[in-house]
Amino acid sequence: MFRRERSIPLRGSAAALCNNLSVLQLPARNLTHFGVVHGPSAQLLSAAPEGVPLAQRQLHAKEGAGVSPPLITQIHWCVLPFRVLLVLTSHRGIQMYESDGSVMVYWHALDAGDASLVQAVFARGIAASGHYVCVGTWSGRVLVFDIPTKGPNIVLSEELARHQTPISDIATEPAQGQDCMADTVTADDSGLLCVWRSGPKFKLLTQIPGFGVPCSSVQLWQGTVAAGYGNGQVRLYEASTGSIHVQIDAHARAICALDLAPEVGKLLSAAEDTFIHIWKLSRSPEDGCIEVEHCHGECVPDTQLCGARFCDPSGSSFAVTGYDLAEILRFSSM
């Protein structure tokens, strides 16, 4: 069971974007960082365990030649083996900052050359894999950046071009050796999932076809892909083969966010139906199939949820954002 804790106030509110919450826990400093997008700006907040806000910072999308300021599409902390970067995507490009948002170390402008006059140009979907940061784009291409141990010498090392519609989300997990070669999954607005093995040259392992519904959020856990869709379903696939383990009719409306607590295999799902659900994933020792148990359900009345994240690897607390909601809601286990 979970109980509602002290909320963290926002200066504005959260935009109605899927995956509109990023969380970075700093156990050594007893702090948690939160990142939320609203229009042309992103809010960064630091909070103590009891929810007391300690610091706030606003970041803005780098402006180009347009008349109006570009809208931010996502903000996400990328935890690399040797450093943490804060990555911000917008309709103009990709910005990478030091973890506290104080210094921008890299800027990549989007090339709109392939876009038609009626097609929106944007980047969306951010994840770190090894010493690479992967960022999705409106064209379906995934940009892979090679990150140095320090400094701004970031290089665009590869472009992955297996998607034909805009990238919606990207998920990664540390490679588990030969038994679990898949460590990256990319999702798009058609529902197509591509499973990759990262490295100096990313290798496509399998493609999981869509079924006419966008995949809004995706996670990867011990070789299992968890995908949330616009029809409220959560589907679990075997990453190496693409075969489906489980289909859950989890929500009545579109899923806006999934997250995983890797230490315990808890899956968090949030949707536009105002509900957050927590599921326990486990692998059967007899046949290796994934088993799912519903652990908890929480309703945030009259709120279109848009972001949800666990606040720790053990899944003992989570945070939620909602459209036009001027606070981050926090819940912890009793």
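Here is how the numbers come out for the structure above:
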item	result
Residue-by-residue Karplus 3J(HN,Hα) for the stretch 48-61, coefficients 6.51, -1.76, 1.60, Hz, glycine and proline x	6, x, 7, x, 6, x, 9, 7, 9, 9, 10, 10, 10, 5
Over the stretch 6-106: Rg over Rh, Cα atoms, Kirkwood Rh	0.97
Relative contact order for the stretch 205-319, counting Cα pairs under 8 Å that sit 6 or more residues apart, in percent	19
Sum of side-chain charges, A250 neighbourhood, beta-carbon under 11 Å (Lys, Arg +1; Asp, Glu -1)	0
Alpha carbon convex hull of the stretch 147-277, volume per residue in cubic angstrom	131
Sequence ranges 7-13, 119-125, ranked by mean other-Cβ count within 10 angstrom, highest first	119-125, 7-13
Whole-number Å³ per residue for the convex hull built on Cα positions in the stretch 102-222	126
10 Å-binned pair-distance histogram of the stretch 164-224 (Cα, whole percent)	25, 53, 21, 2
Descending semi-axes in Å of the stretch 209-334, equivalent ellipsoid built from Cα gyration tensor	24, 18, 11
Total formal charge among the other residues, if their Cβ is under 13 angstrom from that of C18, Lys/Arg +1 and Asp/Glu -1	-2
Accessible area per residue, Å², the chain with all protein chains present, probe 1.4 Å	42
Accessible-area composition of the chain, carbon plus sulfur, in percent [1.4 Å probe]	51
Kirkwood estimate for the stretch 190-251, i.e. one over the average of 1/r between Cα atoms, Å	11.9
Compactness relative to 2.2 N^0.38 Å, alpha carbon Rg of the chain	0.92
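The values are calculated or read from the model by the stated rules, or taken from the named source; none is laboratory data. Remember, it's a predicted structure, so these values are computed and weren't measured experimentally. Virtual Cβ from ideal backbone geometry, glycine too; neighbours counted across all protein chains shown. Protein only, heavy atoms only, side chains kept; ligands, DNA and RNA dropped before computing areas. Shrake-Rupley method; radii C 1.70, N 1.55, O 1.52, S 1.80 Å.
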